[in-house]
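Contents: one structure, followed by commentary.
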Amino acid sequence: MARTPSNPASPPPSVSIKPAPDTLAATGARLLFVVQETGGVGKSTVARALAEAVENAPVYEIESSLRLLELGERVHHFPIRADTAELMQTGGEAAMVEFNPVINALVRETRPAIVDIGANGAAPFLAAVGRAAGLFSRRGRELGVLVVASAPESAYDSLETLTAMAAPWAARQFVVANEYRDTVDLARVRQIAPAASVSRLPRFSFAAGVRLVVDPLGLALIPQLDEEALAERLRDRRGEPDYALAATTVGVLAEFRLEAMRSVREAAEWLIG
C-alpha cells in the first residue's frame with residue numbers, strides 16, 4: 001500500500017545540504033563514488049538523492065547511456081562501451097581506455113563531486129581509482145565510496161567485493177540499504193562492511209499505473225509536479241481525471257524524496273566537508 005504522508009509539502013531546507021559557492025570551489029575537494037554491481041536495485045535513486053542534498057555539486061555519470069537527464073548541465077556523462085569481463089580480463093588495457101578520461105576529469109575537478117558508476121563498470125572502475133589513488137592524494141583529493149545494499153544475494157556479494165576494493169584508499173565508506181525490492185538485513189550489512197556508516201531507505205509503493213507516469217521524473221522534478229496535470233494523466237475507471245489518486249501520489253512522492261535525502265545525509269555532509 002502507498003504511504004499516506006503526514007505532510008505532503010516539499011522537504012524542509014534543513015534536509016538539503018547547500019554548500020556556498022566558496023565551499024564548492026575549494027581546493028582538495030572530495031569525490032564520492034556511488035556503486036553496486038547488481039542492476040535494478042535503486043543505485044541511481046541514491047545518486048539522485050545525493051544530487052538533491054548537495055544541490056550544486058557536479059555529477060559524473062559513468063554509464064552506457066545518459067540516465068540522469070533531469071539534472072541537466074550538472075551531469076558529465078562518460079559512456080562505458082566495454083563489458084565487465086573485458087574490463088577485468090585484459091590486463092587493465094580496456095579499463096584504461098574507458099576510464100582514463102574520467103580519472104583525468106576528476107583530477108581536474110575542484111568541487112565536491114558525485115560519481116555514479118553503472119553496474120557493469122563498478123568493480124573495474126574502483127580498480128582504476130585504486131591505481132590512481134596516489135595521483136588523487138598528491139592533488140589533495142579525498143575519496144569516499146557509497147555502496148547501495150539491496151535484498152538480492154548478488155547485491156550482498158557485491159557489497160563485500162566493493163568495500164574490500166575501496167578499503168585501501170577510501171577515506172570514508174557509506175552503505176545505503178535501499179529496500180526497493182525487499183527488506184535488507186542490516187545486521188548482515190554491518191557484518192560485511194564494519195567500517196561503513198549504514199543508513200536505510202525504506203520501501204515505498206505506488207498504485208497500479210502510477211510508476212510509469214512518475215518514474216521519468218527522478219527526484220529533482222518532484223517539487224514541480226502539477227497535481228492537475230497528473231490527475232489528467234492517471235484517470236479513474238470512468239475515464240475522469242483522478243484527483244484523489246493524484247493528490248495521494250504527490251504526497252507519497254514528496255515523502256519518498258525526503259526519505260531518500262535523509263538516507264544520504266551523512267554521506268552528503270562528508271562530501272562537502
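The values are calculated or read from the model by the stated rules, or taken from the named source; none is laboratory data. Worth saying up front: this structure is predicted, and the values here are computed from it rather than measured. Glycine gets a Cβ as well: all are built from the backbone with ideal geometry, and neighbour counts include every protein chain shown. Just the protein is used for accessible areas: all its heavy atoms, side chains included, with ligands, DNA and RNA removed. Shrake-Rupley method; radii C 1.70, N 1.55, O 1.52, S 1.80 Å.
Amide H contacts of V198: V175, each under 5 Å away and 5 or more positions distant or on a separate chain (H built 1.01 Å from N in the peptide plane; Pro and chain starts excluded). Protein heavy-atom accessible surface, 1.4 Å probe, per residue over region 118-273: 46 Å². Taking the Cα centroid of region 145-170 and of region 186-223, what is the distance between the two, rounded to the nearest whole Å? After rounding, the separation between the Cα centres reads 17 Å.
Between D157 and V107, the simple spin-label model (points 7 angstrom out along Cα→Cβ) gives 3.5 nm.
Determine the share of region 118-251's accessible area contributed by carbon and sulfur atoms, expressed in whole percent, with a 1.4 angstrom probe.
Values: 3070 of 6450 Å².
Accessible surface attributable to carbon and sulfur in region 118-251 totals 48 percent.
The order of T183, T248, T38 by accessible area, most exposed first and with a 1.4 Å probe, is T183, T248, T38.
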